[in-house]
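Student: Structure provided below as structure tokens; questions to follow.
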Amino acid sequence: MTRPEPFDVLVAGGGIAGTVAAVAFASRGFVTALLDPDPPRRPGAAYAPRVSSINPASESVLAGTGTWRLVETGRVSPFERIEVFTDEGPEAIAFDAAETGLAHLACIVENDLVAAAARERLYELADFHALAPAALAEMRRADDLTEVITTTGDTLACRLLVAADGADSTVRRLAGIGRDVFDYRQQAVVARVVPERHHGATARQKFLATGPLAFLPLADGSCSIVWSLDNESAAGVMSLDDAAFADRLEREFDGRLGRILECERRHAFALRRAHARRYYADGVALVGDACHTVHPLAGLGANQGIADAAALADAASRARDAGQRFFAERVLATYQRRRRPANRAVLAAMDLFHLGFAGEPSLPAELAARLMRLADASATAKRFFIRRAGGLAP
């Protein structure tokens, strides 16, 4: 496809951040196109390996664009309680939705379901154009337009190019935007497991010496595990057969959900913290993993991307409605001022948790447990955490 008329907005990348950004712009009347190298499909009978904890703020964004109703037709697992504990004794910090008047703390949803639902919503909008399978290969800026050549050889033009093409973003590289990267020297091992006991709509996380192990509740009563391990330990865990892995998992998790009856295929993902030095260049804005990546121990990565998408579309919409160029540097700088401090705070908080419980050196186990007991006794501290994690406070 070679389109003579420029798009208002061209989004590169079809994951959660990209599809939500496209919906956010198209639902506001921007002529929007999505470059998607691998169009998402709704998960089938088997669960997709990657899930996200969608917090109330993200749920509100998705509902406001008409996407959440489509997500809810799939497997959505709201949970009302979080328990966090360590190796030092049975004590846990417990966070309950009722403590802040929420119906639930968050919903565990497959990443593919969110992206596919957003794409379905896009097809309902008149000002949307799908370009798939295709990715951006080349770009150049001239006369307030960005000309893009895709991997399929098509030539397109847009006024604003949104980079949502992942941690190794081609758009970010071609735009000359640098980033700061810290390698945790860890991998997240993820899998769906079937424990003996139902999760009870509770998300659980244990801080081990090797890193956090989370059991996230799924809609059918099973759990998605996210186990952060140093590279060597991760390789060892990945090499175990299913029976040995189930025994190891049950032992490390203190049998809190009984025996592990079934394990599906495991996947491992390298963990790095990264943050772009700028969120924009001339006619280009970064969202989601193209802009920042975070340790998964609090499940905030997808929520950061959704918040980025909403903030960028809001800044552009306000400028357009005021008769200004929505792609101007001043507008993109407004987006950066709104999102960079919030994202930096999340990255810093996750680093503190990582260093405190699994870094080198980490807190002594007894001290970590004592701090957890103090936190659990403070209703104010727990309300603060819940509102921050839920995106309900700045």
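Student: By DSSP, what percent of the beta bridges with both residues in the chain are antiparallel, rounded to the nearest 5?
Tutor: 70
Student: Show me, for segment 278-285, the HN-Hα J-couplings you get by feeding each phi into the Karplus relation (A = 6.51, B = -1.76, C = 1.60, θ = phi - 60°), rounded to Hz, glycine and proline as x.
Tutor: 9, 9, 7, 9, 4, x, 10, 10
Student: Still on this model: Sort segment 1-73 into rounded, prolate or oblate with this rule: let a ≥ b ≥ c be the square roots of the eigenvalues of the Cα gyration tensor; rounded if a/c is under 1.5, and if a/c is not under 1.5, prolate when a/b is larger than b/c, oblate otherwise.
Tutor: oblate
Student: Between Arg259 and Ala167, take the C-beta separation as r, use R0 = 41 Å, and let me know the FRET efficiency to the nearest 0.05.
Tutor: In this case the efficiency is close to 0.65.
Student: Dipole of the chain, Cα-centred, from +1 at each Lys and Arg C-beta and -1 at each Asp and Glu C-beta, to the nearest 20 debye?
Tutor: Dipole of the chain, to the nearest 20 debye: 1020 debye.
Student: Let's see if you can work this out: charge +1 on each Lys and Arg Cβ, -1 on each Asp and Glu Cβ, no other charges. What is the dipole magnitude of segment 91-250 about its Cα centre, in debye to the nearest 20?
Tutor: Roughly 280 debye, rounded to the nearest 20.
Student: Okay, moving on. Report the relative contact order of the chain, percent, no decimals, based on alpha-carbon pairs under 8 angstrom and at least 6 residues apart.
Tutor: Relative contact order for the chain comes out at 21 percent.
Student: Would you list Met238, Met139 from fewest to most Cβ contacts within 10 Å?
Tutor: Met238, Met139
Student: Right, next: Calculate the FRET efficiency for Asp220 and Asp87 from the Cβ-Cβ distance with a Förster distance of 30 Å, rounded to the nearest 0.05.
Tutor: FRET efficiency, Asp220 to Asp87: 0.50.
Student: Can I ask one more? Which of the three applies to the chain, rounded, prolate or oblate, going by the alpha-carbon gyration tensor with a ≥ b ≥ c and a/c under 1.5 meaning rounded?
Tutor: prolate
Student: What value, in deg cm²/dmol to 500, does the helix sum -39500 (n - 2.57) over DSSP H runs of n ≥ 4 give at 222 nm once divided by the residues of the chain?
Tutor: -11000 deg cm²/dmol
Student: Could you please rank Trp68, Trp227, placing first whichever residue has the fewest other Cβ atoms within 10 Å of its Cβ?
Tutor: Ascending Cβ contact count within 10 Å gives the list Trp68, Trp227.
Student: Further question on the same structure: Contour minus end-to-end for Ala235 and Asp183, with contour as 0.36 nm per residue of separation and end-to-end as the Cα-Cα distance?
Tutor: Extra length available between Ala235 and Asp183 comes to 17.0 nm.
No value in this document is a laboratory result; all are computed from the given coordinates. Model, not experiment: these values are computed from the prediction. We place every Cβ from the backbone using ideal geometry, glycine too, and count neighbours over all the protein chains shown.
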